[in-house]
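The values are calculated or read from the model by the stated rules, or taken from the named source; none is laboratory data. Just so it is clear, the model here is predicted, and its values are computed rather than measured. Methodologically, a virtual Cβ is constructed for each residue, glycine included, from the backbone with ideal geometry; neighbour enumeration extends over all protein chains shown.
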Amino acid sequence: MESAVALKGIDDMRNTRDCLIIIFIFSASLLAALSVNGATVKGAAPQLRLTTSRIILGAGSHPFSFPETFAVDRAGDIYVADSDLATVFKFDARGDFLWKLTGTPPGERRFRGIADLTVDDQDRVWVLEGLRSVVHAFTSSGRYLRSVHLRHIVRRIAVNRRGEIIANSSGPHLFDVYSPGGRYLRSFGRRLVYASRAADYELNTGHLAVGPNDEVYFSFFYPPRIRAYQSDGILRWETAISFDRAFPEPRISQMKQDGNVAISFNYYLASLDLDVDEAGRIYCLVAGQPKIVALTQGSDRVDIFSPGGERLGSLRLPARFHRLAVRQGHMYLLANRKPMRLERFSLTEGM
């Protein structure tokens, strides 16, 4: 299955335009079905389980178009980035709407597409404008702090405990690192080598997360691999995401169309999202389908890895989702196609 998009354009199919439903559900009957199959977490209880509570909030109240991604702060407040509307919406932990961001001062310069969003340990909100290669910082109340201009095209960002910005870059290395004030510091990470610029740009992108000791974790779109780096950029380990079949070789081509460069993608997407909990466990929302199928249908499988890269087990979810976040004992899952929803699950350790 193929899609043709501009190199710097939006690379996800967006064929649903309904309002986002934010859901918190509690259902004790789901416990057995949602426990980790055979997962043993060393030094902790031998089983992770999910419980969940559901309340439908804000259905039809806010003009969501396509909630590309989201982030959660220490209080459990939720920030949703709508890439179609170029707007960030904030909800409290109960799901009540608080405020929205549409741009930066002075003069409320509007966002021009939102590629990514993250919240750091100080609850500062970082919004990435991919087309402008700039990151904007805001307080948790929405007050503008500053903007950081990046050296290369960037599609993913994370912020560590020191406030450094890690950017998944299109430059010579996988990652560029900037100080909280925007000064370029260093680069690290070996890129995968491909014959074409289009393949290099597409397949050296993925999902990015920072661990409790500023480790950097990265899952490629393709191949199905996860890498872990120390805070200084030294590779700690690399591990495979397991599937029951081998992926075919990707087919990516480009051509000029009406003066623009159009890219045709045909490959299997390994993962849809990645995050790390306070204990250093890695959670990967696994795909394993052709890219457009995966982006449209989502996934009901979360693989969990130890801080050392050992696969601990898989969670089978009650529905399919497209984005994931883990925060203070909770797993948040976003489905950004119809029916759109955001669910918060409690992660419980025990028999």
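Per-structure values
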{"item": "Any hit, the range 189-203, residues being among the small types (G, A, S), out of contact with any Pro (no Cβ under 7 Å at 6 or more places or on another chain), at pLDDT 95 or above and part of a strand (DSSP E or B)", "result": "no"}
{"item": "From the options R143, R191, R197, R186, residue that is over 20 Å from I282 (Cα atoms), free of Cβ contacts under 8 Å to residues at least 40 places away in the same chain, basic (K, R) and out of contact with any Leu (no Cβ under 6 Å at 6 or more places or on another chain)", "result": "R143"}
{"item": "Residues (crowded, with 21+ Cβ neighbours inside 10 Å, in contact (Cβ under 8 Å) with a residue 40 or more places away in the chain and either farther than 28 Å from Q230 by Cβ or of a type in the set (V, I, T) (or both)) located in the range 146-164", "result": "I157, V159"}
{"item": "Residues satisfying the stated conditions in the range 237-268, i.e. closer than 23 Å to R190 by Cβ, assigned to a strand (DSSP E or B) and free of Cβ contacts under 8 Å to residues at least 60 places away in the same chain", "result": "A240, I252, Y268"}
{"item": "Qualifying residue in the range 273-293 (condition: out of contact with any strand residue (DSSP E or B) (no Cβ under 7 Å at 6 or more places or on another chain) and in a helix (DSSP H, G or I))", "result": "yes"}
{"item": "Hits in the range 204-215 - residues which are buried (at least 16 other Cβ atoms within 10 Å of the Cβ) and either among the hydrophobic types (A, V, I, L, M, F, W, C) or assigned to a loop (DSSP other than H, G, I, E, B) (or both)", "result": "N204, T205, L208, A209, V210, G211, D214, E215"}
{"item": "Candidates L235, L272, L285, L295, filtered to the one that is loosely packed, with under 15 Cβ neighbours inside 10 Å and either over 22 Å from H322 (Cα atoms) or at pLDDT 95 or above (or both)", "result": "L235"}
